[in-house]
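As structure tokens, the structure follows; a few thoughts come after it.
The values are calculated or read from the model by the stated rules, or taken from the named source; none is laboratory data. Just so it is clear, the structure is predicted and the values come from calculations on it, not from any experiment. Neighbour counts are summed over all protein chains in view; Cβ atoms, including those assigned to glycine, are modelled from backbone coordinates with ideal geometry.
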Amino acid sequence: ERGGYKHFMRKEIHEQPEVVEATLRGRIDLAEGDVYAAEMGVTPEVAQSIRRVYFVACGTSHHAAIAGRYWMEQLAKVPSVVELASEVRYREPLFYPDDLVIAVSQSGETADTLAAVKAAKAGGARILAVANVLDSAIPRMADGALYTHAGPEIGVASTKCFTTQLAALLLLAVYMGRRRSTLPQERAQKVLQALWEIPSHQREVLGDADYVHAIAKKLVHAKDVLFLGRGLGFPIALEGALKLKEISYAHAEGYAAGEMKHGPIALIDEQLPVVAVCPRDAQYEKMHSNLQEVRAREGQVIAIATKGDEAMLELAQHIVWIPKAPDEVMPLLTVLPLQLIAYFVANLKGNDVDQPRNLAKTVTVE
Ligand code: F6R
């Protein structure tokens, strides 16, 4: 049942190319540069009338939502916010009828996310669920659903559901951008083409697992690990840190690299491994200077970098190379080595990777 792998988590990590394909299948028209997903219940009229997108989610799904906001703003030009569901439900959140509230939830049953959806519904907002489990509570309460077709995820630490959420949210941003005429056809074609090619790039990254294993060996005794990223690399840094915490029980922190100077730089010394999400994208130059600051303080850098980026050789002690790809799709690649690092560290420590202590797969209580 684990397909020859020792753990479900490892199997699910390696399933990502095929499940991302499943999420994309039948929804992309490359020739038109468009996306089809009528099941979302977001008609062209609705897409045009939305004034704000309001993402709610928890945990890993919250990280996917942060990327979702980035795409929604950049490609569809809709003002967007992301909120932790557990915070929204106890504030007095304000919703408008022309809000599109996007609840991102693998299980579709997370109590906090469901409560946030109820509050949004009471406020008159339109609800769209991005969920994996068919006909679960959140999609049932929503006006429409965009399902990620990741199949059942058994490992408690979410992996394949995260990348399919990313794929679904990027599709959604393209859909919205096309309906609102904010995304030119040519750019939409480029983004969709890049997304279409992602599974084969993912296969390439996952094929390099041995090298990642060697890096994980260096991290087994680390008590703290800092993960840094910017732009679309920021939610990936958060996700890398969460994965490591969950299954290896090491303390890890994900940080927006631009915030380094505002505090975390004080932590850096030769003891602190810093994992940098640093592909050749629009944020590259800024990330590069952050890493110079880390090196100046003797921090140990493990970089996720784009093949051919020679400059990285001088900055990082260890590098996981990822293939070149357009900026928009980068998170679907950069997260893979971070999932593998967490997996290998936890496994080297002898932890129960699929059933980490204290955690439940679906949090149906607060
Ligand atoms: C992390 C993880 C959790 C979930 C969170 C939300 O690996 O699995 O952080 O992402 O509990 O769950 P869903 O997406 O089911 O609402």
Can you tell me which residue is surrounded by the fewest Cβ atoms within 10 Å (Cβ to Cβ) among those in the stretch 67-102 that are within 13 Å of the ligand (Cβ to nearest atom), farther than 17 Å from Y175 by Cα and of a type in the set (A, V, I, L, M, F, W, C)?
L84
Condition check for S181: crowded, with 24+ Cβ neighbours inside 10 Å, polar (S, T, N, Q) and not in a helix (DSSP H, G or I)
no
Residue check: is A64 surrounded by fewer than 18 Cβ atoms within 10 Å (Cβ to Cβ), assigned to a helix (DSSP H, G or I) and within 14 Å of the ligand (Cβ to nearest atom)?
no
I'm trying to understand the selection: among the residues of the stretch 138-178, which are more than 22 Å from A115 (Cβ to Cβ), of a type in the set (V, I, T) and in a helix (DSSP H, G or I)?
T163, T164, V174
Could you count how many residues in the stretch 149-166 are touching a Lys or Arg at 6+ places or on another chain (Cβ under 9 Å) and either of a type in the set (S, T, Y) or away from the ligand (no atom under 13 Å from the Cβ) (or both)?
4
Does T110 meet the test of being within 13 Å of the ligand (Cβ to nearest atom), hydroxyl-bearing (S, T, Y), more than 30 Å from H201 (Cα to Cα) and surrounded by 20 or more Cβ atoms within 10 Å (Cβ to Cβ)?
yes
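Residues checked against (1) within 16 Å of the ligand (Cβ to nearest atom); (2) modelled with pLDDT under 95:
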{"position": "P235", "(1), (2)": "yes, no"}
{"position": "A241", "(1), (2)": "yes, no"}
{"position": "E253", "(1), (2)": "yes, no"}
{"position": "M260", "(1), (2)": "no, yes"}
{"position": "P264", "(1), (2)": "no, yes"}
{"position": "A276", "(1), (2)": "no, no"}
{"position": "R297", "(1), (2)": "no, yes"}
{"position": "Q300", "(1), (2)": "no, yes"}
{"position": "W321", "(1), (2)": "no, no"}
